[in-house]
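The values are calculated or read from the model by the stated rules, or taken from the named source; none is laboratory data. Quantities reported herein were computed from a predicted structural model and do not represent experimental measurements. So basically every Cβ, Gly included, is an ideal-geometry build from the backbone, and we count neighbours across all protein chains shown. Protein only, heavy atoms only, side chains kept; ligands, DNA and RNA dropped before computing areas. Shrake-Rupley method; radii C 1.70, N 1.55, O 1.52, S 1.80 Å.
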Amino acid sequence: AEGHEFLRARIRDTNGTWQDHAIDVSSRSTTVFNPAVVAAPNGDIVVAWQMSGSPDQVQYAKLAHGAPAFSPPTTISNPSNSARNPSLAVDSASTITVAWAEEDGGNARVLTANVLADSETWSPPAAFASPPGESAQEPRIAGTPAGAQSLVWTQADGPNFRLRVAQR
C-alpha cells in the first residue's frame, strides 16, 4: 500500500483488553480522510470516511458484533458528485445515520442516509436542512437514544460562513 493512507482499527473488548493486531477497514489501494466511528447498542462498530478519488466519495464499513473483520467498504454518497466530511450518529435501536457534504454542481449541500440495525441497505441519500445553491460544509450529527438528532454545519451566506443547526 505504498503511497496510500488507508484505515485500520484496533478493537477493545468489554474487559478493557485491546486486540494484539489492527484490522483493515478501508482498501489498502485507496487514500482516505476524515474517518468517523460509532458503536451501536447491539455491539456493531460502524466507520465512515472520505475516500480520495475522482470525485471523492463517502464510504462505510461495519464490524458486526462478534465478527472477525469489517464488511467490504460500500459507497453511500452519489458516485457522480464529490462528497466529504462524514459524521455518524446512532440511536437505541442501533439505527445508524451518516451526514456528509456533497457538491451539487458548484455548491455543497448536507445530505444524510440511514441504515437499520442488522441491515446493509442504506436509505437513499436525502438533502437535510441545507438549501440548494448555498455552499454547506463540515456537517456534524449527534443523536439521542430515542432517535432525536441535531445536525450542525457551516454554510456560505455570501462571503461569510454561518453556523447552522437543524433538529429532527
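By its C-alpha gyration tensor, with a ≥ b ≥ c as the square roots of the eigenvalues, how is the chain shaped: rounded for a/c under 1.5, else prolate for a/b larger than b/c, else oblate?
oblate
Taking the highest mean first, how do the peptides 54-60, 119-125, 151-157 order by number of other beta carbon atoms within 10 angstrom per residue?
54-60, 151-157, 119-125
May I ask you to order 38-51, 20-33 by the average number of other C-beta atoms within 10 Å around their residues, highest value first?
Taking the mean over residues of other Cβ atoms within 10 Å, the ranking is 38-51, 20-33.
First check a/c for the stretch 74-124, with a ≥ b ≥ c the square roots of the eigenvalues of its C-alpha gyration tensor; if it is under 1.5, answer rounded, and if not, answer prolate when a/b is larger than b/c or oblate otherwise.
Note, shape of the stretch 74-124 comes out prolate.
Can you give me the % of accessible surface on the stretch 88-168 that is carbon or sulfur? Probe 1.4 Å, all protein chains present, nothing else counted.
Ligands and nucleic acids excluded, carbon and sulfur reach 53 percent.
Relative contact order for the chain using alpha-carbon pairs under 8 Å, separation at least 6, rounded to a whole percent?
14
Points 7 angstrom from Cα along the Cβ direction at Ala166 and Thr74: gap in nanometres?
Between Ala166 and Thr74, the simple spin-label model gives 2.3 nm.
What ³J(HN,Hα) values, in whole Hz, does the Karplus curve 6.51 cos²θ - 1.76 cosθ + 1.60 give for the stretch 15-29 when θ = phi - 60°, with x put for Gly and Pro?
With the stated coefficients, the stretch 15-29 comes to 8, x, 9, 7, 4, 6, 10, 8, 10, 5, 10, 9, 5, 6, 9 Hz.
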